[in-house]
Amino acid sequence: MDEHEVPTHVQAEDRVLLWFTFPQIVALTAVAALAYGVYHFIPVGAEAVRIVLALGFALVGIAMVAGKVNGRRLPAVAADLMRFGFGPRRFQGPPAQLVRSEPPAQPVKAGVGKDRLEPDAAITQHAAKGPGPVRRGARKLANLKRSSRPRTRGERMPFKPRDWFRKRDRKRQPKREFDEARQALARPRDECEAQEQKEHRSMRWPALLGAASALAVVASVAVCTPPSALADDGEQESWTSDEIEFDPPPLIPGRRLFIERLTVTREAATVVLKAAANLEVEARAFGGPDGREPKFQRDDTLGQGGRSSYLMPLDGPVPSFTFSWRDEHGQAGAISLSGNQLPYPLPDVSGEVCDLRLVRLSWRSGAIDGSVDSDCPSRLEEPVELETAAGHVNLSHTALLPAEVTQVTGTLTVSAGGRQSSAPLLADGATLFELATGAGREIFTVDLTAALTAHLTIELPPLVRLTLQPYRLERRTETVSLQRPGTGQYVSETVSWTDGEGNTSSHTVSAYLSIPSAIVQKQVTLEIEHEEHVRSQLVSRPALSKTRTEELSLGAGIGSDDNYRTLVVPDQEPERSASVQTRVSEDDLQDLLILLGGGLP
């Protein structure tokens, strides 16, 4: 027969006045009384100061009683913040304690008073396994609770307004019948057991006071002690709260979402996710100056084994990615990528032979690959030990000469996770590399080393060859060319004569005389006496071939994830069928009346 249950176990809060419950009204009354006490009894002369202090105390009290943050009351939020602030931050203990050979056992909730059942009470417990009415009667008779969960702090008792307005004799009559039926079924206790129980009750209050004192001491020590954690502390298998009056469903172990590939370029990152169950995935990217500004958001629905690729922007000095999920069983979680898991910004290095920069770094299951771009100049300045003169005197010095780069060769070596690989380096191009790695979640430090060799051709200036000559007389005949300048002048002369008659007359005669300019050549013989001298001669030299070597290093880190595994969901308990009211049979009714101390006439 199906069981019908009155829905009184939901623990719904009763709103008495406006949106306040009974505990909130009592707390507000206490806050008002204390605020009045602050106003009336505080030793401050000015009345305005006392009014302000009383109003401030009242506002703080009302906020603590009625205020909520995301549906949770302020005292619970403050307790969580204190637990987070003073909770453990580091692990103290050997590393072996962190390794478990087998998963932890599921917590078993034993029934209240299960081990204390007396032999006669076993009859009642056996009767509780019967049909619906008999089982309910047996539970009422043996005072068994419907749920093995103990009542948490702050839980209300059942709401029974019908008991407020009826007579006391009617209220006590069922209890008297209940006591009589219980005494008839339970084993009678002797006077010694009753005396021991009385003494036990009298000793309960000192024990409770001692336990409260010990709890206060332990709390003070926990607050003053530096935060630490031990592996022996265990893990919390389930959580609850004073504001949540039900146990959440058990967690289903196993990964739901895996990172299958992560590729980071200069400006963006590509993340490929693979779902191990049916999931609703929300991807977010954060950036900005402090790394907290949202820059990207996208929602997807993935089936088991489905993949999704996300092109995430890289913004700011510390970008990060978050992928939150929710499965079909109502459970949620998230994975994130930040810090050393993202090789951002990608490194670059400048050298004399070439400039290298890492333009892409990618991780996939079991391998790391990427690309390195190189930029090599066509001309360099190479220092050369140059001989400038030879023969009679040898002269040399170091000269910085322009050199033409004819060819650049090199090898790119990649190492990560204790493994190493190499690839030929391409000048003025992209060099692809790939390195096999182990499986598992880890942050790989990728070291890139490039050994470069540049082949140079240097054009050398001519060589000055010096020759010493001994004493000698040198006759040298040379043709000398002289330019005779031209000149001119006027010449005048006076002539006088006497004629026959004796008369004398004079006449002046003028003339202009000129000599033109001309070049006159003449052979001249010179004698030169040399004691000793040095003769020089320019000799051309061939081009110089030379090589220059250089080693450049780059470093980056990238995170990896575990291998993909399909989520295996354990068998769930079958859903309880809907309750249907049925009429009790005569036999069940007779059994119930017998248990209650009576029977049908």
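The values are calculated or read from the model by the stated rules, or taken from the named source; none is laboratory data. Being a predicted model, the structure only gives us computed values, none of them experimental. Glycine gets a Cβ as well: all are built from the backbone with ideal geometry, and neighbour counts include every protein chain shown. Remember, those area values only see protein heavy atoms, side chains included, never the ligands or the DNA or RNA. Shrake-Rupley method; radii C 1.70, N 1.55, O 1.52, S 1.80 Å.
Structural remarks
- For segment 466-490, the set of residues classified as open to solvent by 60 Å² or more (accessible area, probe 1.4 Å), of a type outside the set (Ser, Thr, Tyr) and in contact with a Leu (Cβ under 8 Å, 6 or more places away or on another chain) consists of Arg475, Arg476, Glu478, Gln489, listed by residue number.
- Qualifying residue in segment 509-532 (condition: surrounded by 11 or more Cβ atoms within 10 Å (Cβ to Cβ), of a type in the set (Val, Ile, Thr) and assigned to a strand (DSSP E or B)): yes
- Subset tally (residues that are open to solvent by less than 40 Å² (accessible area, probe 1.4 Å), part of a strand (DSSP E or B) and not hydroxyl-bearing (Ser, Thr, Tyr)) for segment 359-378: 9
- Test for Leu311: is it in a strand (DSSP E or B), of a type outside the set (S, T, N, Q), open to solvent by less than 30 Å² (accessible area, probe 1.4 Å) and within 23 Å of Val446 (Cβ to Cβ): no
- The residues on offer are Val264, Val272, and the sole one that is open to solvent by less than 50 Å² (accessible area, probe 1.4 Å), in a strand (DSSP E or B) and within 30 Å of Val569 (Cβ to Cβ) is Val272.
- Taking segment 336-358 as the range and being surrounded by 15 or more Cβ atoms within 10 Å (Cβ to Cβ), assigned to a strand (DSSP E or B) and hydroxyl-bearing (Ser, Thr, Tyr) as the test, only Ser338 passes.
- Among the residues examined, Ile458 does not qualify as in contact with a helix residue (DSSP H, G or I) (Cβ under 7 Å, 6 or more places away or on another chain), in contact (Cβ under 8 Å) with a residue 24 or more places away in the chain and either under 19 Å from Thr549 (Cβ atoms) or open to solvent by 20 Å² or more (accessible area, probe 1.4 Å) (or both).
- Residue in segment 542-553 that is at pLDDT below 80, open to solvent by 50 Å² or more (accessible area, probe 1.4 Å) and not in a loop (DSSP other than H, G, I, E, B) present: no
- Among (1) in a loop (DSSP other than H, G, I, E, B); (2) open to solvent by less than 70 Å² (accessible area, probe 1.4 Å); (3) among the small types (Gly, Ala, Ser), the one test that Gly500 misses: (2)
- Complete set of residues in segment 1-39 that are outside any loop (DSSP other than H, G, I, E, B), at pLDDT below 85 and loosely packed, with under 11 Cβ neighbours inside 10 Å: Leu17
- In the set (1) part of a strand (DSSP E or B); (2) more than 35 Å from the chain's Cα centre (by Cα); (3) in contact (Cβ under 8 Å) with a residue 60 or more places away in the chain; (4) closer than 23 Å to Arg266 by Cβ, the condition left unmet by Gly410 is number (3).
- When Glu434, Glu493 are checked against the criterion of being on the phi < 0 side of the Ramachandran plot, of a type outside the set (Phe, Trp, Tyr), open to solvent by 80 Å² or more (accessible area, probe 1.4 Å) and in contact (Cβ under 8 Å) with a residue 24 or more places away in the chain, a single residue qualifies: Glu434.
- Counting only residues that are of a type outside the set (S, T, N, Q) and in contact with a His (Cβ under 8 Å, 6 or more places away or on another chain), segment 386-415 holds 3 of them.
- Restricting attention to segment 332-376, the residues that are under 14 Å from the mean Cα position of the chain (by Cα) and among the hydroxyl-bearing types (Ser, Thr, Tyr) total 3.
- If you filter segment 379-396 down to residues that are outside any strand (DSSP E or B) and open to solvent by 80 Å² or more (accessible area, probe 1.4 Å), you find that the one that is farthest from Thr413 (Cα to Cα) is His392.
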